[in-house]
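One structure is given below, encoded as structure tokens.
Please treat every number below as a calculation from the coordinates, not as lab data. A quick note: this is a predicted structure, and the numbers were derived from the prediction, not measured. Backbone-built Cβ (ideal geometry, glycine too); neighbour counts: all protein chains shown.
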Amino acid sequence: MKSPLRIIDAVRQAVQTATVRPLLAAQLQLDVGDRTAVEELAGPVIIVSNHASRLDLGVLQAALPARHRRRTGATVGSGRGLDPRLLLKAGRNVVIFPEGCLSTDGVAGGFGTDAAQLAIEQHVPVLPVGIRGTFAAMPQGRTWSFGLPFAHNRPRVSVRFGSVLDAEPDETATSFTSRIDDAVRTAIAEDRTTWWQSLRHGHDAATLPPAGSWRRIWDQSQSPRPGGRPRRPRIWRR
Amino acid sequence: MARPGFVLEVDDRTPPLVVHDGPRVRLERFPLGAEVIYPAESLPALDDLVAGIDNALAGPVDAEPLATKLKPGMKLTIAFDDVSATAPLQSPDARGRIIERVLIQAAGAGIDDVALICANGMNRRNTEAELRRLLGERVFRSFYADGRLTNHDAEAAGKDSGDLNPRVAESDLLVMVQLVHGIGADVRSSGLPGVAEGLGSVSAIRSGVTPAGLDGLDVFSIEAVLDNNHYPSAVEFLGRREWEWSLPSQAKLFGVRQASRLAPARSAQLLSAGLGSGYHVTQVTAGAPEAVAAASRTRVVEQQRVDVSGQADVLVLGVPAVTAHSVGSVTNPVLAAWQALGVGYNAVTDAALVRDGGTVIAYHPLSQDFSSLHHPSTIDFFADVLPTSTDPEVLAADFEATYAEDPWYSQLYRTSQAFHGLHPFQLWYQLSAAVRRLGDVVFVGADRASAARLGFRAASTLADALEITAASVGRTPKIRYLHTPPNALGAVT
């Protein structure tokens, strides 16, 4: 008799493979960065990401390698889902969005300390992930508008994994949270500029328009282009 | 426990053995008493490649750790060997990993002026796709658009940059990243000779003289030695002994042979490059070029050495579908001959596997297929130069200068994906050194006109080839078959 968790896993896997993942593949252009940091992980990990759209969880699960996708449990937030401590003890990964709620302008807001607290208590590492482009694809309050499958101009979503973070001994949740915050923003900057720029300058490499300005919404609601590509002049305008 | 290479003596229980005949895969029955040199199995790979790289960078041989050499505001150049003359690309490639670790240290040290150069020497430029696969998406995207990731142009290097690439000549530190999977002519040399070969000017590479610019240059070498898993996992049975094949492997071989019969060129490309390779890294060494070269060579010999007793009268060599200089391209007759006589003949640590005056029997169709994109000068070499003479002295005196100065070849080399105009001459000199020492060279199953143009003989079967050479080596010669790839180095005792 399989444990309830294993049954839930199997059902979730089946549903995702049949519906969500083909849909995401057809409607979005998913660009996943280097996954070696993830592939080398042995035990459970807390996956932390910015939260700009309801697509984030599906995109994150599609971006993970197969072995880890099977072990990733439900999101923690607003008291829904199973207790994250139980999931971690059972060897499952847990996804947490520390912002708490969806971003209003696409840029990552302030991070809560829940994820760091959990990581310190359970002695589990944290995997920071930067997701870029889901706000432009489906911001809060909108529902998905279906385009033709595999169209050439479907919205681009980029997922970049940062290196795994471990809490130092005697580190407080606040300082760990600021490290995680830094790492997630750097992962986003890795796509917005280039990996080398994000290494050299951290997330300051990515200059964003000021908060509250129309330029910020304008910038965030466009399908994101990766940094480091020259602007190619287009001869034929579509 | 990795089994070492060994020598099999063919008896009546030996099954037909795999012989690579260009894109075709033959199963050949060897005469009784023939010796077959089997390569060794792979040594254990590093568990954690990234940790291995970091340890090597922190504890180099004969040099200070890389972190102490990196100072803010310095000019750093990272050079890496190219797609030709190296193992088939994998994703992710070990060179990309090494360069990432170096860049992480450089970023921490505050260095902004970083350039990446592909040290292709006189080989062809690498395409964007090849560079992306080699370096990984992160490194490629960070440097390519700014023009900081370039291929080396041997014609742009001259006396005013010390016969070296101009960017390398003005750098404070050159980090040379290489993948080592052999010690033959098909692999970029290690150490400072490798820097000269990969980043030197045409005159420096041609003459073999050390470029003057290397004198004051600080070079930090990083080399990763590969194991013997030449084949991708889909066809890894080809690297194992024939009598150990399982039934599925035999079925796969049937499929491979059918595919190579129907679409030889395509299936050859797929097998060798399309499916990637199964290589793993067994050792990463960093530090001063000579010490690193010595350490890598020791490891390679440890991996590939097979002890054989005495020299044979006849050496049988199979030529694989894709040679070092025909990656992403077709293997023309000159390249096939070079692979057999320049590389296969020299797959030794000391003395040759076949005695002087002996015979080499090689397998390749020698079909007159040339790539005008990659080997334009070889087309003209085969058509115009070889009918006149095959003597390397005559070629050097009468034809080499024209090919060296031809503006069209130069244009193609500098802007397109062509090998340098002098490339066929280099190949010819290397294989002529072997031909001079041999009595006969026979190609089995080859096009007669091509073989005659190259100055060799053609035979339909192995038995006919042995018949042809009976005049020089006798009716019962000692036959030796080098069962490669994966690589093996014969150590004649």
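Just a few scattered comments:
- Net charge over other residues, Cβ less than 14 angstrom from the Cβ of A:Leu41 (K, R count +1; D, E count -1): +1
- In order along segment B:36-42, the Karplus-derived 3J(HN,Hα) couplings, from 6.51 cos²θ - 1.76 cosθ + 1.60 at θ = phi - 60°, round to 10, 8, 9, x, 6, 7, 6 Hz, and Gly and Pro are given as x.
- Label point distance in nm, A:Glu168-B:Lys75, each placed 7 Å from Cα along Cα→Cβ: 3.9
- Theoretical gain in end-to-end length, B:Asp12 to B:Leu275 [0.36 nm per residue, Cα-Cα removed]: 91.1 nm
- Summarising the amide proton neighbourhood of B:Val281: residues at separation of 5 or more, or on other chains, whose placed amide H is nearer than 5 Å comprise B:Leu46.
- Cross-link partners of B:Lys252 among aspartates and glutamates (Cα-Cα below 12 Å; sequence separation of 8 or more within a chain): B:Glu236
- Rounded tilt (10° steps) of B:289-304 against the dominant C-alpha axis of chain B: 30
- Virtual spin-label span in nm between A:Gln222 and A:Ala18, 7 Å along Cα→Cβ: 4.1
- On Cα atoms only, tilt of B:423-437 relative to the major axis of chain B in degrees: 40
- Close amide H partners of B:Val316, meaning residues 5 or more places away or on another chain with modelled amide H under 5 Å apart, are B:Ile361, B:Arg480, B:Tyr481, B:Leu482.
- Chain B, relative contact order in percent, only Cα pairs under 8 angstrom and at least six apart counted: 21
- Between 0 and 90 degrees, the angle of helix B:49-58 with respect to the longest Cα principal axis of chain B falls at about 50 degrees.
- Under a 5 Å amide H cut-off, with hydrogens placed 1.01 Å from N, B:Val61 pairs with B:Ala286, B:Gly287, B:Ala288 among residues at least 5 apart or on other chains.
- Direction-averaged projected area, Cα convex hull, the protein assembly as shown: 36.4 nm², rounded to one decimal.
- Label-to-label distance, B:Arg437 versus A:Glu40, with points set 7 angstrom from Cα along the beta-carbon direction: 4.4 nm.
- Across segment B:165-177, coupling constants 3J(HN,Hα) worked out from phi with the 6.51/-1.76/1.60 Karplus curve, θ = phi - 60°, read 3, x, 5, 5, 5, 9, 7, 7, 9, 10, 9, 9, 10 Hz, and Gly and Pro carry x.
- Converting phi to 3J(HN,Hα) with the Karplus coefficients 6.51, -1.76 and 1.60 and the offset θ = phi - 60°, segment B:330-343 yields 9, 8, 8, x, 5, 5, 5, 5, 5, 4, 6, 9, x, 9 Hz in sequence order, with x at every glycine or proline.
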